[in-house]
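Here the structure is laid out as structure tokens; the discussion comes afterwards.
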Amino acid sequence: MKTLLVAVTLVLAGYYSAAQKVSFGKIEKTDLESKQCAYDPDAPAECLYDFGEVNYFINGYSFTNERTVWARIKIYDQKELDRANIKIPFFTRGNRMSIIKIQGYTYNLNDNGEVEKTELEKKSIYEQKINESYSEMVFSLPNVKAGSVFEYRYTVIKKDIAELDNWVFQQRIPVRTSYYDVGIPGVLGFNYRVIKRQPVEEKSEDGAMGARRKIFIMKNIPGLKNEPYMSSSNDYFQRVEFQLSGVNGRPLPSATWKGFAELLLEDEDFGLQLKKNVLNKLPIQAELATAASTNEKIKIIYNYVKNTIAWNGRNSFWCSNGVKSALEKHEGNSADLNLLLINLLRDADIKAYPVLVSTRNHGKVNSYFPFRNQFDNVYAYVLTPGGTFVLDATNKHNPFYITPWDVQFTMGFLVDKEKVELLEIGDIKNKYQITTITQSEINADGTASGSAKTYANNYAKVERLSTWNRDKKVFKEKYYTTPHKEFTFDSVEVNHNKNDDSSTLECFTKFKTELTQSGEYLFYNINLLSGLTENPFLAEERISSIEFGYNQNIILTGSVTFPESMILEELPKNIKMIMPDSSVTLQRIMQKEGNSISYRVSLSINKPLYFPDEYPDFKAFFDAVIEMLNEQLVFRKKASPKP
């Protein structure tokens with residue numbers, strides 16, 4: 001076998017890509033002369049070439065994985081100069097990974113129209129520590145300005161790491177050519193999947209002793225734009241993903257969901273952490289003994305973990321130091337906290353299981369591929385006679401009975417010796433609920449003042465309470481001053497019962513404003529603190545689904561009084577609008593009595609997700625919703641009596 005492995009080294013080392021028609025260190029003058037991207041004209045920068053090449057070099061029973069990356073970028077807009085500041089993170093623990101052969105050049109046209117080339121100096125390259133496990137190579141390409149082209153390349157060395165890196169064809173800026181060339185020795189097997197919306201050219205080349213190359217090429221890729229209520233850009237970047245499936249012709253257990261679960265359960269940093277007896281050491285035993293229900297027990301244990309053990313800010317489904325260490329040091333990563341939570345729930349005779357999750361920012365799970373990199377965290381999945389709960393002990397403001405928003409309507413992987421399954425996670429019972437009661441008084445001088453109290457429940461409460469506790473200034477800006485720049489708000493008072501998870505979050509403020517005037521007419525908008533002053537859905541088309549992550553109820557109610565010196569031109573009509581699929585309903589009720597106007601506006605969105613093919617209908621209806629919400633009260637000044 002050793003002789004075979006050495007031979008494979010020679011076969012793979014002899015492969016070179018004949019498809020590359022560009023050369024590092026040489027550039028076409030036309031690229032410097034270009035003023036915009038031909039296939040994405042509004043782009044502020046363009047990646048002209050993005051190349052990756054991977055080779056395995058095997059010697060005896062050890063091997064090295066070498067990945068060379070080369071990127072060439074054109075800057076169109078001065079605001080994009082930061083792209084020339086490069087940071088390349090890499091794993092440092094165990095000295096199994098390093099970055100070598102860093103090179104770079106910047107190209108500009110001088111006053112005579114000649115190409116000037118500036119080399120990246122070695123002294124400008126340095127290593128910077130991130131934490132105990134990761135560092136990054138840092139450098140900045142020299143003399144970069146609008147119109148420049150710069151390029152850099154480097155090689156990542158991985159020792160005895162068989163995994164093959166994924167390749168992302170698409171970026172935030174357009175990519176003219178993306179090229180990934182992978183050399184795979186015959187002793188390793190990989191499954192892969194290509195996520196694409198435009199053509200990908202795939203080439204395969206077979207070598208001696210089972211060695212093979214896979215080449216992937218994609219061209220003229222527009223930059224991926226952020227879209228309102230997009231779940232994760234990772235779901236929409238066009239890419240190819242790999243997972244090791246076999247060694248020496250033998251399939252790996254992790255190549256199936258069941259095998260993946262078995263490996264997890266046998267691992268010291270996952271499954272073996274579920275067998276720790278820790279409840280008898282904790283001060284909550286007496287409280288649990290008097291708990292009147294299973295739900296009360298869950299609440300006691302959940303609150304104990306999330307309020308006693310500090311989350312260190314790191315997410316993983318692998319424990320960093322273990323559940324006992326987390327108890328002793330009162331700190332741990334997400335796996336430490338949530339596997340501890342599962343231990344305690346089980347010790348209290350509550351059915352609890354680890355469920356691997358892919359949080360909203362990480363992207364969706366494809367059930368056909370048991371790729372472990374599809375997951376970025378582990379939560380607790382709890383089964384009771386009254387229902388199921390998904391718990392995350394790092395989420396300090398989320399009650400146990402509300403599914404965390406970051407995994408709403410996603411797929412999880414339940415891991416247990418007797419129970420291995422992919423399951424849908426979703427909570428439609430608890431909604432995003434906001435009610436705002438406003439009292440407004442319009443004055444004869446064209447100003448208005450009043451007070452507003454907002455009541456937030458369920459997902460709205462979790463969101464607002466998290467923001468309030470994190471930064472009170474940001475809270476006021478986000479919910480008050482930014483959406484209503486024409487208003488002046490006093491300080492905001494926030495209150496809730498900290499001992500009751502189901503209590504309402506109350507937010508109170510006073511405000512002042514000046515009415516918009518045109519001649520003898522004055523205008524006042526009652527759409528205050530709804531969060532819907534502008535329509536976020538402006539694009540005619542979109543590639544991503546609209547993912548709110550919850551159903552919604554938004555209510556505005558209140559009154560407006562106006563002086564005798566003004567006349568209400570016309571009371572806005574009572575109206576009810578229902579989207580054709582009945583998923584959105586908007587109702588407005590207006591009433592006038594003397595110089596007082598009372599109103600109630602309610603918006604219900606009873607669908608958490610809209611697919612791209614539903615977007616045109618949703619956009620058209622939402623245009624009408626925003627227009628109606630912003631319909632203003634129109635007053636006219638009474639004519640002064642003639643002397």
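The values are calculated or read from the model by the stated rules, or taken from the named source; none is laboratory data. Computed from a prediction, not measured in an experiment: that's the story for all the values here. All Cβ positions, glycine included, derive from the backbone under ideal geometry; neighbour counts span all protein chains shown. These accessible areas exclude ligands, DNA and RNA; they are computed on the full protein's heavy atoms, side chains included. Shrake-Rupley method; radii C 1.70, N 1.55, O 1.52, S 1.80 Å.
Evaluate the following for LYS453: is it open to solvent by 20 Å² or more (accessible area, probe 1.4 Å) and at pLDDT 95 or above?
Details: open to solvent by 20 Å² or more (accessible area, probe 1.4 Å): yes; at pLDDT 95 or above: yes.
Criteria met by LYS453.
For every residue, the table says whether it meets (1) modelled with pLDDT under 95; (2) more than 34 Å from the chain's Cα centre (by Cα); (3) of a type in the set (S, T, N, Q).
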| site | (1), (2), (3) |
| --- | --- |
| ILE543 | yes, no, no |
| GLU569 | yes, yes, no |
| ILE575 | no, yes, no |
| SER582 | no, no, yes |
| MET590 | no, yes, no |
Could you grab me the full set of residues in the stretch 250-268 that are touching a Ser or Thr at 6+ places or on another chain (Cβ under 8 Å) and at pLDDT 85 or above?
-> PHE260, LEU263
Mind listing just one residue for me: the one in the stretch 608-643 that is basic (Lys, Arg) and surrounded by fewer than 18 Cβ atoms within 10 Å (Cβ to Cβ) and, of those, modelled with the lowest pLDDT?
-> LYS642
Can you tell me which residue in the stretch 172-187 is nearest to the chain's Cα centre (by Cα), limited to those that are surrounded by 20 or more Cβ atoms within 10 Å (Cβ to Cβ) and not in a strand (DSSP E or B)?
-> ILE173
Using beta carbons and a limit of 7 Å, which pairs, at least six apart or on different chains, have the first residue in the stretch 361-388 and exposed (fewer than 13 other Cβ atoms within 10 Å of the Cβ) and the second one small (Gly, Ala, Ser) and assigned to a loop (DSSP other than H, G, I, E, B)?
-> ASN361/SER232
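What number of residues within the stretch 166-218 are under 22 Å from ASN366 (Cα atoms) and either free of Cβ contacts under 8 Å to residues at least 12 places away in the same chain or of a type in the set (D, E, K, R) (or both)? So that I can check it myself, show each step before the final result.
First pass over the stretch 166-218, keeping only residues under 22 Å from ASN366 (Cα atoms): 166-171, 189-200, 202, 216.
This time we only want the ones that are either free of Cβ contacts under 8 Å to residues at least 12 places away in the same chain or of a type in the set (D, E, K, R) (or both), so: 193, 196-197, 202.
Residues meeting the conditions: 4.
Checking the structure you have, find out if any residue of the stretch 151-162 is among the basic types (Lys, Arg), under 24 Å from the mean Cα position of the chain (by Cα) and surrounded by fewer than 20 Cβ atoms within 10 Å (Cβ to Cβ).
Step one: list which residues in the stretch 151-162 are among the basic types (Lys, Arg), which gives 153, 158-159.
Among the residues that remain, those that are also under 24 Å from the mean Cα position of the chain (by Cα) are: none.
Taking every residue of the stretch 151-162 in turn, none turns out to be among the basic types (Lys, Arg), under 24 Å from the mean Cα position of the chain (by Cα) and surrounded by fewer than 20 Cβ atoms within 10 Å (Cβ to Cβ).
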Which residues, counting only those in the stretch 496-514, are touching a Leu at 6+ places or on another chain (Cβ under 9 Å) and at pLDDT 95 or above?
-> LEU505, CYS507, THR509, PHE511
Please indicate, with yes or no, whether at least one residue in the stretch 88-97 is surrounded by 13 or more Cβ atoms within 10 Å (Cβ to Cβ) and more than 28 Å from PHE57 (Cα to Cα).
-> no
Qualifying residues in the stretch 321-332 (those that are within 12 Å of LYS306 (Cα to Cα) and out of contact with any helix residue (DSSP H, G or I) (no Cβ under 6 Å at 6 or more places or on another chain)) - the one surrounded by the most Cβ atoms within 10 Å (Cβ to Cβ) = LEU327
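A quick yes/no check of all residues on (1) loosely packed, with under 15 Cβ neighbours inside 10 Å; (2) not hydroxyl-bearing (Ser, Thr, Tyr):
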residue	(1), (2)
THR438	no, no
ASN443	no, yes
ASN457	no, yes
ALA460	no, yes
ASP471	yes, yes
THR488	yes, no
VAL492	no, yes
ASN495	yes, yes
Strands (runs of 3 or more DSSP E) lying entirely in the stretch 340-442 (those with 2 or more residues that are within 30 Å of PHE237 (Cβ to Cβ)) = 351-357, 377-384, 410-414, 421-425
Tell me, which residue of the stretch 277-302 that is assigned to a helix (DSSP H, G or I) and surrounded by fewer than 16 Cβ atoms within 10 Å (Cβ to Cβ) is modelled with the highest pLDDT?
-> GLU296
Can you tell me which residues in the stretch 244-276 are assigned to a strand (DSSP E or B) and open to solvent by less than 70 Å² (accessible area, probe 1.4 Å)?
-> LEU244, SER245, GLY246, VAL247
Mind listing just one residue for me: the one in the stretch 188-243 that is open to solvent by 60 Å² or more (accessible area, probe 1.4 Å) and assigned to a helix (DSSP H, G or I) and, of those, farthest from PHE611 (Cα to Cα)?
-> MET209
Residue hits (the stretch 527-584; touching a residue at least 24 places away in the same chain (Cβ under 8 Å), closer than 17 Å to TYR615 by Cα, of a type in the set (A, V, I, L, M, F, W, C) and open to solvent by 60 Å² or more (accessible area, probe 1.4 Å)) are ILE543
Say we look at the stretch 410-420 and pick out the residues that are surrounded by fewer than 20 Cβ atoms within 10 Å (Cβ to Cβ) and touching a residue at least 60 places away in the same chain (Cβ under 8 Å); which of these is nearest to PRO608 (Cα to Cα)?
-> LEU414
